1. Would you mind classifying the range 1-134 by shape? Square roots of the alpha carbon gyration tensor eigenvalues, ordered a ≥ b ≥ c; an a/c under 1.5 is rounded, otherwise it is prolate if a/b is larger than b/c and oblate if not.
2. Compute the Cα gyration tensor for the range 1-62, then decide on rounded, prolate or oblate, letting a ≥ b ≥ c be the square roots of its eigenvalues: rounded whenever a/c is under 1.5, prolate when a/b is larger than b/c in the other cases, and oblate in all that remain.
3. Taking only the alpha carbons of the range 172-243, what extent do you get along each of the three principal axes, in Å, biggest first?
4. Looking at the chain, what % of its DSSP beta bridges pair antiparallel, to the nearest 5?
5. Using θ = phi - 60° and the Karplus relation 6.51 cos²θ - 1.76 cosθ + 1.60, list the HN-Hα couplings for the range 81-87 in order, rounded to whole Hz, with x at every Gly or Pro.
6. Going by how many other beta carbons lie within 10 Å of each one, how would you line up Thr9, Thr34, fewest first?
7. What does the convex hull of the Cα atoms come to per residue for the chain, in Å³?
8. Can you work out the PRE-style zone for Ser51? Point 7 Å along Cα to Cβ, and I want the residues of the range 84-120 with backbone N under 16 Å.
Amino acid sequence: MNKANINTTLNYSYNFDLKKRKNKQIKFIIFHYTGMKKEIDAINKLINQTSKVSSHYFIKKNGEILTLVPVLYTAWHAGISSWKNYKSLNKFSIGIEISNSGHENKYSKFTKKQIHSILKLSKFLINKYKIKSKFILGHSDISPDRKNDPGEKFPWEYLSKKKIGNWHNLNDRKLQELRNQKISKSQENIFIKNLNKIGYSKNLVKKNNHYKKILATAFQRRFRPKLVNGIIDKECFIISKNLI
């Protein structure tokens, strides 16, 4: 990889803001999966001006990286979103779409070639735009009430070992002993507060326990992918404490 640049195939989209942004405005990398059965259909959607969606990069199943929107323009990938005090993350982020059929179409593992390209592209962008690990996120992190991607099969733990994104530093075997252990209502409330401190939205509609389940599910997809059930147990609670 050339340190000054990265090799990509240009396949430009119409869907971006015309006003250029500055390097210092770019704070986040947001990963998505396409959620479509056919890769070519996903690419066509992202470049078609009637779809009103796009991303900066697209990673094909064979690992090829496409540039759809130059990074200094705002692509339309995040939608209604928030993290910490940031709202509408499009203007602050780089969007990376990864070809994958998604939860509604027999969700599959990401290919080894895709993971290699994710690693290579991420390192390049982190170095170029000085992006912090805590601001490398999935779409479900910033829009937990709307999105599931990139999902529990995305290699967050592996990437964190390469200094891409955050992960806890707890012992997996000890953690597993806490799985499915019940916690008190006060601990549940502390868990939600911990998630808010990490960055998850404080603004979800609070009806019964529905909002807790939405946040817990997003958190599990990211930090406890082996069991995604929306139930806040002791394992989730301890991981949230460790992350803050």
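1. In terms of gyration-tensor shape, rounded.
2. Cα axes put the range 1-62 in the oblate bin.
3. Ordered largest first, the range 172-243 gives principal extents of 35, 22, 19 Å.
4. Expressed as a percentage, antiparallel bridges in the chain total about 35.
5. Karplus-based 3J(HN,Hα) across the range 81-87 equals 7, 7, 7, 6, 9, 8, 10 Hz.
6. Details: Thr9 11, Thr34 24.
The order, fewest Cβ neighbours first, is Thr9, Thr34.
7. About 127 Å³ per residue, rounded to a whole number.
8. 95-102
We did not get these values from a lab; they are worked out from the coordinates using the rules stated. Please read all numbers here as calculations on a predicted model, not as lab measurements. So basically every Cβ, Gly included, is an ideal-geometry build from the backbone, and we count neighbours across all protein chains shown.
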